[in-house]
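The values are calculated or read from the model by the stated rules, or taken from the named source; none is laboratory data. This structure is a prediction, so every number in the text was calculated from the model and none was measured. Cβ atoms come from the backbone with ideal geometry, glycine included; neighbour counts cover every protein chain shown. In case anyone asks, the SASA skips ligands and DNA or RNA and just uses the protein heavy atoms, side chains included. Shrake-Rupley method; radii C 1.70, N 1.55, O 1.52, S 1.80 Å.
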Amino acid sequence: MQTVFLLAGWYLSGFLTVLVPPSTHPLHVSVVEVNHNKAEGTLEIQCKVYTDDFESTLSKLFKQKTDLISPALHLSMDTLVERYLSQRVRFAINGKAYKTNYIGFEHEKEAVYAYIEIAEVPSNIQEIQFDISILHDLYDDQIILVHATVNGQRKSAKLDYPQSKGNLTF
């Protein structure tokens with residue numbers, strides 16, 4: 001009986017692959033990794049976003065063609081990514097708002113990894129509050145997963161559109 005279900009599942013997954021082009025993906029998920037670097041006194045933040053979704057969002061918002069893959073356009077795209085993230089990724093630590101510093105972005109496989117940092121954070125982080133609305137401009141089913149590591153303790157939160165605010169306590 002298990003064999004019948006496995007074969008049916010395999011058949012249906014192959015059938016659905018034909019119906020849904022490989023360039024589309026049914027989930028709209030972004031992942032934000034936050035790491036407290038106690039030695040440096042910083043909060044290191046990495047935002048992972050599907051390249052096609054990010055390009056569509058930047059193009060729509062800034063009304064220009066975007067290409068996050070082309071090395072020739074990296075510098076001009078860097079400016080757009082920085083502007084976008086500065087408006088959509090905000091943090092507070094222990095109740096105090098902090099300014100983020102954009103580091104840059106890179107493209108790997110189907111995703112863009114953007115890096116930002118918060119300098120001069122307290123060594124004793126008890127709570128991280130965040131307001132993150134990446135790709136809320138484009139999708140009303142956007143999910144943002146936030147993972148934070150402070151003093152070796154990892155905590156996570158899930159933001160379902162339209163929710164953009166959350167907090168993690170340590």
Item to check | Karplus-derived 3J(HN,Hα), 6.51/-1.76/1.60, for each residue of the stretch 137-152, Hz, glycine and proline x | outcome: 5, 10, 10, 9, 10, 5, 10, 10, 9, 10, 10, 10, 10, 10, 6, x
Item to check | Using alpha-carbon coordinates, inclination of helix 74-88 to the longest axis of the chain, degrees | outcome: 70
Checklist entry - If you plug each phi of the stretch 64-73 into the Karplus form 6.51 cos²θ - 1.76 cosθ + 1.60 with θ = phi - 60°, what whole-Hz ³J(HN,Hα) values come out, in order, with x for Gly and Pro? => result 8, 5, 10, 8, 7, 9, 5, x, 5, 9
Checklist entry - To the nearest 0.05, what FRET efficiency results for residue 124 and residue 67 with a Förster distance of 25 Å applied to their C-beta separation? => result 0.05
Checklist outcome for this item: Checking the stretch 27-97 for GluC sites (Glu not before Pro) in a loop per DSSP with at most 15 other beta-carbon atoms within 10 Å yields 40
Checklist entry - Please state the relative contact order of the stretch 104-163 as a whole percent: Cα pairs under 8 Å, 6+ residues apart? => result 22
Checklist outcome for this item: The percentage of the accessible area of the chain (probe 1.4 Å, all protein chains present) made up of carbon and sulfur atoms, to the nearest whole number, is 56
Checklist entry - Given a Förster radius of 30 Å and the C-beta distance between residue 35 and residue 75 as r, what FRET efficiency does 1/(1 + (r/R0)^6) yield to the nearest 0.05? => result 0.65
Checklist entry - So what is the accessible area of the stretch 22-170 per residue, in Å², with the probe set to 1.4 Å? => result 52
Checklist entry - Could you name the lysines in cross-link range of residue 158, using Cα to Cα under 27 Å and dropping any fewer than eight places away on the same chain? => result 38, 48, 60, 96, 99, 109
Checklist entry - Relative contact order for the chain: what is it in percent, counting Cα pairs under 8 Å that are at least 6 residues apart? => result 25
Checklist outcome for this item: Note, residue 141: beta-carbon cut-off 14 Å, +1 each Lys/Arg, -1 each Asp/Glu, net -3
Checklist entry - Once a ≥ b ≥ c are taken as the square roots of the eigenvalues of the Cα gyration tensor of the stretch 56-170, is the result rounded (a/c under 1.5), prolate (a/b larger than b/c) or oblate (a/b not larger than b/c)? => result prolate
Checklist outcome for this item: Applied in sequence order to the stretch 99-108, the curve 6.51 cos²θ - 1.76 cosθ + 1.60 (Karplus, θ = phi - 60°) yields integer Hz couplings, x standing for Gly and Pro, of 7, 8, 10, 6, 9, x, 9, 9, 10, 9
